[in-house]
């Protein structure tokens, strides 16, 4: 296709599609009515696009729907891209253009579908979660093997024991002892029941762990504004700070921050970063736009050993600059996303959603502990080791 997109008359009924529509920047698309952009992406999907173009068109179409607050339509587009065109769920988690969508119940439903896996949405996200789960619980597979093996052995033994039990009940010459045979059968059947229950218990624990990993992944992508006005994702602060999330009413959170000031020096030595979240403070997302298509990964992490020395040096320097920018308190960006995550975490912990809570994170970004109300700062100072301590290095 060689037609050009007309920007001088964006409201006309029919706009030819140029190839670049698949990867058009977000700010440029804002110059065109979103309705026209939606029509263009729908038309693009009818032009026999290749898989990458179809993925980009569906993704951009979802962003248009999210911009208009149409959560169901955005979820349908993303669901198709995940199922048929191998869209990575991490892309949805990372993209600031979908911040408003991630605060909607449709995103929670989509994330739950992706965690469970299935024909309607694909298995890529669940596969990624299971890989992380296997690292955190490396012996689960071994336990399951023994559950199945011992259950099979007990089943085979029961298969041969039942006829002996019938002969023992009938009695007669050569009949086995009824109490011994009944005892063997009871042991085998009891063993099978116990092993099956253990197998299902392990499965339940795995699903709970996958749900927690999914929440941790969502948490790692939540944005913060540092004291220097720089916006970062929580994942970028790993190994640098221990965020303490304070969620509650404005009065409660303000009082907790005021009390924390008394221990400011000691808390800073332990890498504490206060993250206040006020219930109901749903401001519009203030993140910079990074493009209206498949975005590059927002989070900066230390490269692996296999990468070249220059990239490693640049990344370490970036980490050092970021560490210098971190102060005692940060401001949440997209409060609706933060509030939704906290409410999900409250449900998982059996706490009534909306109660005042605090959540302390580890240096590696996982939840260390949480509690109702506001924290006892003196207790936290005693509990958390200084950043230079051996325990802090092991926590990274």
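Put simply, of 150, 159, 166 the only residue that is part of a helix (DSSP H, G or I), at pLDDT 90 or above and over 20 Å from residue 199 (Cα atoms) is 159.
Checking each residue in region 120-147 for being outside any helix (DSSP H, G or I) and buried (at least 17 other Cβ atoms within 10 Å of the Cβ) picks out 121, 122.
Here is a yes/no grid of residues against (1) more than 16 Å from residue 216 (Cβ to Cβ); (2) modelled with pLDDT under 90; (3) in a helix (DSSP H, G or I):
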site: 339; (1), (2), (3): yes, no, yes
site: 344; (1), (2), (3): no, yes, yes
site: 363; (1), (2), (3): no, no, no
site: 374; (1), (2), (3): yes, no, no
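Of everything listed in (1) at pLDDT below 90; (2) part of a loop (DSSP other than H, G, I, E, B); (3) under 17 Å from residue 235 (Cβ atoms), the single unmet condition for residue 354 is (3). Residue 251 falls short on exactly one of the conditions (1) assigned by TED's automatic domain parsing to the domain that holds residue 268; (2) without any contact (Cβ under 8 Å) to a residue 24 or more places away in the chain; (3) buried (at least 20 other Cβ atoms within 10 Å of the Cβ), and that condition is (3).
Taking every residue in region 60-72 that is touching a residue at least 40 places away in the same chain (Cβ under 8 Å) and pairing it with any residue that is assigned to a helix (DSSP H, G or I), at least 6 positions away or on another chain, the pairs with Cβ-Cβ distances below 7 Å are 60/41; 63/97; 63/98. Among the residues examined, residue 176 qualifies as without any contact (Cβ under 8 Å) to a residue 60 or more places away in the chain and either outside any helix (DSSP H, G or I) or touching a strand residue (DSSP E or B) at 6+ places or on another chain (Cβ under 6 Å) (or both). The conditions of being in a loop (DSSP other than H, G, I, E, B), surrounded by fewer than 16 Cβ atoms within 10 Å (Cβ to Cβ) and over 41 Å from the mean Cα position of the chain (by Cα) are not met by residue 186.
This table checks each residue for (1) within 25 Å of the chain's Cα centre (by Cα); (2) within 18 Å of residue 274 (Cβ to Cβ); (3) surrounded by fewer than 19 Cβ atoms within 10 Å (Cβ to Cβ).
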{"position": "330", "(1), (2), (3)": "yes, yes, no"}
{"position": "335", "(1), (2), (3)": "yes, yes, no"}
{"position": "339", "(1), (2), (3)": "yes, yes, no"}
{"position": "342", "(1), (2), (3)": "yes, yes, no"}
{"position": "356", "(1), (2), (3)": "yes, yes, yes"}
{"position": "362", "(1), (2), (3)": "yes, yes, yes"}
{"position": "390", "(1), (2), (3)": "no, no, yes"}
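Each row is one residue, and each column tells you yes or no for (1) within 28 Å of residue 111 (Cβ to Cβ); (2) at pLDDT below 65; (3) crowded, with 16+ Cβ neighbours inside 10 Å; (4) not assigned by TED's automatic domain parsing to the domain that holds residue 362.
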{"position": "227", "(1), (2), (3), (4)": "no, no, no, no"}
{"position": "237", "(1), (2), (3), (4)": "yes, no, yes, no"}
{"position": "298", "(1), (2), (3), (4)": "yes, yes, yes, no"}
{"position": "304", "(1), (2), (3), (4)": "yes, yes, no, no"}
{"position": "321", "(1), (2), (3), (4)": "no, yes, no, no"}
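Scan region 374-385 for residues that are surrounded by 13 or more Cβ atoms within 10 Å (Cβ to Cβ) and touching a residue at least 24 places away in the same chain (Cβ under 8 Å) and the total you get is 7.
Screening the candidates 198, 246 for the property of being surrounded by 15 or more Cβ atoms within 10 Å (Cβ to Cβ), touching a residue at least 12 places away in the same chain (Cβ under 8 Å), in the same structural domain as residue 344 (by TED's automatic domain parsing) and over 27 Å from residue 92 (Cβ atoms) yields one hit, 246.
The values are calculated or read from the model by the stated rules, or taken from the named source; none is laboratory data. Quick caveat: nothing in here was measured; it's all calculated off a predicted structure. Glycine gets a Cβ as well: all are built from the backbone with ideal geometry, and neighbour counts include every protein chain shown.
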